[in-house]
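The values are calculated or read from the model by the stated rules, or taken from the named source; none is laboratory data. Please read all numbers here as calculations on a predicted model, not as lab measurements. Cβ: placed from backbone, ideal geometry, glycine included. Neighbour counts: every protein chain shown. Areas reflect the complete protein model, heavy atoms only, side chains present, ligands, DNA and RNA absent. Shrake-Rupley method; radii C 1.70, N 1.55, O 1.52, S 1.80 Å.
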Amino acid sequence: MIGRLTGRIVEDSAEGVVVIDVGGVGYEVTVPLGALGRASREGDDVVTLYVHTHVREDTFALYGFPTRDDRAAFRSLIGVSSIGPKIAMSILGALPAGELASAIARGEASRLVAVPGVGKKTAERLILELKGKLAAAPVVAKGTEAKAPVAPEGKAELLHGALTRMGFRPAEAERAVTALGARVQAEPLGDLVREALALLSSK
């Protein structure tokens, strides 16, 4: 079984499949949206992915994640009835491990339903079966968040920056900003981030 790969990304498709060159051998790995931006790097080219080797009678596939927590969350997700690797990857593309754990701990089904392929019943099943099994991200106390006003003319840049800090590649962030169009200037930044995540997850 392959548990970790460190190498250079030589191919990167829009479908989330990358080829990572490790000592001259190219491994095809499926990664969640935004994973490469959050992965540990050595220099500009070398990246480390924590890998789940998925073996079935007719399938041998590698799924790569930026952290051990993301890999553990993936393994927990596919352990839930009716959740396969494809839906699990969509969930982790929209909600990295810490955010997913927090959403489940708080019973926030709406955040799960926002992920393409996850319906209300599936979201409720995930909350029921995974509550208490994932390590939640640190909770920020109410009233401690920054309240700096947002200049309308800078919203596109702020949204782009927020998405790249969450691990999305600049091209992905730019695609989301462009797709939102005039709404970038009209809607609150928090709403824009949620809409951008939904757009990127549906690709």
Of the numbered conditions (1) open to solvent by less than 50 Å² (accessible area, probe 1.4 Å); (2) at pLDDT below 90; (3) under 24 Å from LYS133 (Cα atoms), SER82 satisfies every one except a single condition; which is it? (1)
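Report yes if ARG75 is open to solvent by 60 Å² or more (accessible area, probe 1.4 Å), at pLDDT 90 or above and touching a strand residue (DSSP E or B) at 6+ places or on another chain (Cβ under 9 Å), otherwise no.
Values: open to solvent by 60 Å² or more (accessible area, probe 1.4 Å): yes; at pLDDT 90 or above: yes; touching a strand residue (DSSP E or B) at 6+ places or on another chain (Cβ under 9 Å): yes.
Judged against the criteria, ARG75 is a match.
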List every residue pair whose Cβ atoms sit under 9 Å apart, with the two residues 6 or more apart in sequence or on different chains, where the first one lies in the stretch 102-125 and is touching a residue at least 24 places away in the same chain (Cβ under 8 Å) and on the phi > 0 side of the Ramachandran plot and the second, anywhere, is of a type in the set (Lys, Arg) and surrounded by fewer than 15 Cβ atoms within 10 Å (Cβ to Cβ). GLY107/LYS131; GLY117/LYS86
Tally time: how many residues in the stretch 112-126 are part of a helix (DSSP H, G or I) and either in contact with a Pro (Cβ under 9 Å, 6 or more places away or on another chain) or crowded, with 21+ Cβ neighbours inside 10 Å (or both)? 3
Mind checking which residues of the stretch 130-161 are modelled with pLDDT of 70 or more and open to solvent by less than 70 Å² (accessible area, probe 1.4 Å)? LEU130, LEU134, LYS155, ALA156, LEU159, HIS160, GLY161
Looking at (1) at pLDDT below 90; (2) outside any loop (DSSP other than H, G, I, E, B); (3) of a type in the set (A, V, I, L, M, F, W, C), which is the only condition ILE20 fails? (1)
Just the residues that are out of contact with any strand residue (DSSP E or B) (no Cβ under 8 Å at 6 or more places or on another chain) and either over 14 Å from GLY93 (Cβ atoms) or open to solvent by less than 50 Å² (accessible area, probe 1.4 Å) (or both), please, taken from the stretch 10-25. SER13, GLY24, VAL25
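With the requirement that a residue be closer than 18 Å to GLY16 by Cα and either open to solvent by 40 Å² or more (accessible area, probe 1.4 Å) or not in a strand (DSSP E or B) (or both), what does the stretch 43-72 give you?
Let us first name the residues in the stretch 43-72 that are closer than 18 Å to GLY16 by Cα, namely 45-54, 59-67, 70-71.
Passing the criteria: ASP45, VAL46, THR59, PHE60, PRO66, THR67, ASP70, ARG71.
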